[in-house]
Amino acid sequence: MKPIYETPLASRYASDTMLRLFSPDTRFTTWRKLWTELARAQMELGLPITQAQVDALERSQSPINYEEIAAREREVRHDVMAHIYGYGLMAPEAKGILHLGATSCYVTDNADLILYRDALRHIRAQLLAAMGKLADFAEKYAATPCLGYTHYQPAQPVTVGKRASLWLQDLLLDLEELDDVLRAVRFLGCRGTTGTEASFMELFGGDTAKIDEMNRRIAAKFGFEKLYDVCGQTYPRKLDSRIFGVLSSIAQSASKFATDVRLLQHDRQLDEPFEDKQIGSSAMAYKRNPMRCERICSLSRYVIADAQTGAMTASSQWLERTLDDSAIRRISVPEAFLATDGVLRLVQNVAGGLRVNEKIVEKTLRDYLPFLATEILLMEAVRRGGDRQAVHEIIRAASMEATAKLKAGEPFDLPASLAADPAFGMTADEIRAMLKPESFIGRCAEQTLALAAKCRALTQGAAGTAEEISL
């Protein structure tokens with residue numbers, strides 16, 4: 001163990017893929033690639049830069065001379081200038097044209113845009129994998145009746161799969177929002193200190209077409225088709241706010257799913273995965289705590305809270321830019337991605353190993369089904385010639401008595417109680433014959449299978465499954 005603090009997001013929750021993506025080495029290598037492509041575009045468009053200088057920049061992108069850069073930063077107190085110095089040491093023939101016409105945000109902001117786009121694509125793959133697991137579960141239990149709940153009080157029956165389809169639809173809506181955000185990501189390009197491109201007007205002798213072409217070429221090298229129409233020194237921090245928004249939305253959906261599983265595990269209807277040697281409590285050896293779902297809720301809460309920094313930063317940028325966005329973005333954006341990554345891999349793990357205790361599900365529904373069926377029993381009794389108001393009173397009185405007995409821990413047979421009154425006009429066996437769970441679930445199976453099929457079409461061919469996570 002190192003004698004310094006390390007974020008648990010790195011040591012416990014996030015995937016190797018996301019950790020590599022937001023590593024210093026990936027970031028600073030991307031800076032060097034951006035400097036190389038700037039020089040290449042400027043050379044191709046007629047500035048006095050040679051192919052040898054571009055080649056020197058390209059072959060010096062990695063490994064990075066971090067010790068020399070760190071020593072320089074301690075002197076100049078400017079990270080980008082320290083990296084320019086270090087890059088120049090490795091490519092001395094290109095030192096004179098490095099960063100020509102650019103400002104620091106050329107590398108910092110464009111690199112962030114590249115990393116965020118790639119991180120969103122990774123989150124998208126994890127989201128699709130989670131949807132696939134939930135679609136499998138929903139299809140399997142599409143027609144398995146269970147007690148429904150509103151206000152966490154017994155309500156009309158649904159099916160286990162239909163309930164899972166609600167979780168699945170939340171993730172589908174998140175996918176639609178994520179795709180909108182991905183489409184909105186644009187490249188900043190090289191715009192100068194206040195976004196006016198004045199330095200490039202000087203370099204290119206006022207040839208605006210060449211400036212536009214330079215930015216288009218650099219953007220294309222990094223896979224971007226669009227650039228922002230206008231900007232200050234930075235790209236609009238509204239994008240960060242939108243990224244935070246979709247990560248928060250995913251966290252909200254995941255937390256809802258995990259909370260529902262926690263409630264149903266309390267009722268013994270569902271169980272999250274539990275390993276053979278897993279310990280639930282240091283004192284209570286019998287415990288099977290829903291720790292994975294609790295972890296989903298915990299990490300999701302962090303993402304939802306962290307997302308507020310995006311709105312606060314976007315709303316407080318002064319004029320063409322201010323630097324109070326820098327420190328917070330270095331922390332909040334990568335950590336939001338790391339935490340969301342961990343959340344989605346946990347959702348995959350839980351959804352892929354979710355156990356339905358079908359006997360308990362069936363018993364729970366049967367215990368409440370006579371109450372839930374009273375509206376249908378009322379209509380049947382009237383159809384047989386009963387007085388609607390009289391039958392309603394029989395049901396009301398018997399239901400109140402049954403509820404009181406059940407709360408006192410005493411058994412009560414509601415069908416027998418209803419049949420005991422001749423005015424009801426039905427025998428206990430006739431009443432029980434109507435209490436078939438599958439008669440009360442409406443279109444649950446149809447709705448569930450339709451949504452699962454829709455999501456299946458989206459998830460087929462999606463990249464990969466979740467990396468192993470410490471659970």
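The values are calculated or read from the model by the stated rules, or taken from the named source; none is laboratory data. Since the structure is predicted, the reported quantities are computational estimates derived from the model, not experimental observations. Using ideal geometry, Cβ is built from the backbone for each residue, glycine included, and neighbour counts are taken over all protein chains shown.
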request  = Please list, ordered by first then second residue, the pairs with beta carbon atoms under 6 Å, 6 or more apart or interchain, first in segment 198-215 and outside the structural domain of Gly46 (by TED's automatic domain parsing) and touching a residue at least 12 places away in the same chain (Cβ under 8 Å), second outside any helix (DSSP H, G or I) and among the charged types (D, E, K, R).
outcome  = Ile211/Glu197
task = Check segment 382-397 and report whether any residue there is of a type in the set (Val, Ile, Thr), modelled with pLDDT under 90 and in contact with a helix residue (DSSP H, G or I) (Cβ under 7 Å, 6 or more places away or on another chain).
result = no
request  = Being surrounded by 13 or more Cβ atoms within 10 Å (Cβ to Cβ) and in contact (Cβ under 8 Å) with a residue 60 or more places away in the chain is the filter here, so list the residues in segment 44-62 that pass it.
outcome  = Glu44, Leu45, Leu47
Conditions (1) in a helix (DSSP H, G or I); (2) crowded, with 17+ Cβ neighbours inside 10 Å; (3) touching a residue at least 40 places away in the same chain (Cβ under 8 Å); number of the one not met by Ala102 = (1)
task = From Thr17, Thr36, grab the single residue that is of a type in the set (S, T, N, Q) and either free of Cβ contacts under 8 Å to residues at least 40 places away in the same chain or not in a helix (DSSP H, G or I) (or both).
result = Thr36
ask   = How about segment 88-107: which of its residues are over 14 Å from Leu38 (Cα atoms) and in contact with a Phe, Trp or Tyr (Cβ under 8 Å, 6 or more places away or on another chain)?
value = none
query = Within segment 242-257, can one find any residue that is surrounded by 21 or more Cβ atoms within 10 Å (Cβ to Cβ) and without any contact (Cβ under 8 Å) to a residue 24 or more places away in the chain?
reply = no
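Listed here are the residues, each with its yes/no results for (1) closer than 30 Å to Glu6 by Cβ; (2) in a helix (DSSP H, G or I).
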{"position": "Glu320", "(1), (2)": "no, no"}
{"position": "Phe337", "(1), (2)": "yes, yes"}
{"position": "Met400", "(1), (2)": "no, yes"}
{"position": "Thr403", "(1), (2)": "no, yes"}
Where a residue in segment 307-322 is assigned by TED's automatic domain parsing to the domain that holds Thr340 and of a type in the set (A, V, I, L, M, F, W, C) and its partner, wherever it lies, is in a helix (DSSP H, G or I) and surrounded by fewer than 17 Cβ atoms within 10 Å (Cβ to Cβ), with Cβ under 6 Å and at least six apart = Ala314/Lys238
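Conditions tested, residue by residue: (1) under 23 Å from the mean Cα position of the chain (by Cα); (2) part of a helix (DSSP H, G or I); (3) of a type in the set (Asp, Glu).
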position	(1), (2), (3)
Arg183	yes, yes, no
Cys190	no, no, no
Asp212	no, yes, yes
Phe224	no, no, no
Val230	no, no, no
Gln233	no, no, no
Val246	yes, yes, no
Ser253	yes, yes, no
inquiry  = Can you tell me which condition Leu171 does not meet? The list is (1) surrounded by fewer than 21 Cβ atoms within 10 Å (Cβ to Cβ); (2) assigned to a helix (DSSP H, G or I), and all the others hold.
reply    = (1)
